[in-house]
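Asker: Take this structure, written in structure tokens, and hold onto it; I'll ask about it next.
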Amino acid sequence: MSQLTSLYLAPNDPDSAPAIRLVRQVLADLEIIADSLAPASYTAGEGFSRHVIYAGCSPYLVMQPPQDGSLNFCHVVLHGPYERAKLVTGPNTVKPRCPVCRIRFGDWKDRLADWQSGSGAAHCSGCGHHCRASQLDWRGHAISGRVLVELRNVFPGEASPSDLLMHSLKMRTGEDWHYAWAAYLDDSKVPS
């Protein structure tokens, strides 16, 4: 089975932890979320397809949980706030680049466990620059944050958030937000 992927939204500052209730309210106001599936997990509302902009002319979207119990349908999971920023990557994550000299981190998978635990810095072999893994250029295929909005069953490059959604998150939380694609988070509360 292929790994399931999501579109993630997070504050630009990975250490920021805006109140989940504010984020949830933005999603509810825009009708992106509807009924609760489990704590912090919601069905896609009427606004999901208005504020998750799909590339292509006719995407096939499954909006309700399938009878087989799989997670292959569009829904939303809110994560956090975590004690420290969580780095989420995916099956199609590209080799990240140094933000200074642009050299690729060919060994990023070997370093990933340390980066995800917060115990390792990214050290560039090209220029010697030290930074957090969240500061590397992941080209939209990894994201880091203490608070994450996961829009599930959205494949890499297939869709992006609307300008109104990003603006609404900024206005409500006082933070700039960005997005990326990555794998489902294991620690989320999923429908049973």
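Asker: Collect the residues in the range 143-174 that are surrounded by 20 or more Cβ atoms within 10 Å (Cβ to Cβ) and either free of Cβ contacts under 8 Å to residues at least 60 places away in the same chain or basic (Lys, Arg) (or both), keeping them in residue-number order.
Answerer: Arg146, Arg152
Asker: Kindly indicate the residue of the range 33-53 that is β-branched (Val, Ile, Thr) and within 16 Å of Val23 (Cβ to Cβ) and also nearest to the chain's Cα centre (by Cα) among those meeting that condition.
Answerer: Residue satisfying both the conditions and the ranking: Val52.
Asker: Taking the range 41-100, which residues are of a type outside the set (Lys, Arg), outside any loop (DSSP other than H, G, I, E, B), open to solvent by 30 Å² or more (accessible area, probe 1.4 Å) and within 19 Å of Ser144 (Cα to Cα)?
Answerer: None - no residue of the range 41-100 is of a type outside the set (Lys, Arg), outside any loop (DSSP other than H, G, I, E, B), open to solvent by 30 Å² or more (accessible area, probe 1.4 Å) and within 19 Å of Ser144 (Cα to Cα), so the list stays empty.
Asker: Could you tell me whether His178 is open to solvent by 40 Å² or more (accessible area, probe 1.4 Å), without any contact (Cβ under 8 Å) to a residue 12 or more places away in the chain and in contact with a strand residue (DSSP E or B) (Cβ under 7 Å, 6 or more places away or on another chain)?
Answerer: no
Asker: Further, regarding this structure: Output yes when any residue across the range 182-191 is open to solvent by less than 30 Å² (accessible area, probe 1.4 Å) and in contact with a helix residue (DSSP H, G or I) (Cβ under 9 Å, 6 or more places away or on another chain), and no when none is.
Answerer: no
Asker: Okay, moving on. Given the structure, is Arg132 out of contact with any Cys (no Cβ under 7 Å at 6 or more places or on another chain), modelled with pLDDT under 95 and either open to solvent by less than 10 Å² (accessible area, probe 1.4 Å) or closer than 13 Å to Pro14 by Cβ (or both)?
Answerer: yes
Asker: Scanning for something at pLDDT 95 or above and open to solvent by 30 Å² or more (accessible area, probe 1.4 Å), does the range 113-123 turn up at least one residue?
Answerer: Scanning the range 113-123 turns up no residue that is at pLDDT 95 or above and open to solvent by 30 Å² or more (accessible area, probe 1.4 Å).
Asker: Could you tell me which of the residues Ser188, Ser144 is within 14 Å of the chain's Cα centre (by Cα) and modelled with pLDDT under 90?
Answerer: Ser188
Asker: Let me ask something else about it. Could you tell me which numbered condition Val23 fails, if it satisfies all but one of (1) part of a helix (DSSP H, G or I); (2) open to solvent by 40 Å² or more (accessible area, probe 1.4 Å); (3) not aromatic (Phe, Trp, Tyr)?
Answerer: Single failed check for Val23: (2).
The values are calculated or read from the model by the stated rules, or taken from the named source; none is laboratory data. Note that the structure is a prediction, hence the values are computed from the model and not measured. Using ideal geometry, Cβ is built from the backbone for each residue, glycine included, and neighbour counts are taken over all protein chains shown. Heads up: the accessible areas ignore ligands, DNA and RNA and are worked out on the full protein's heavy atoms, side chains in. Shrake-Rupley method; radii C 1.70, N 1.55, O 1.52, S 1.80 Å.
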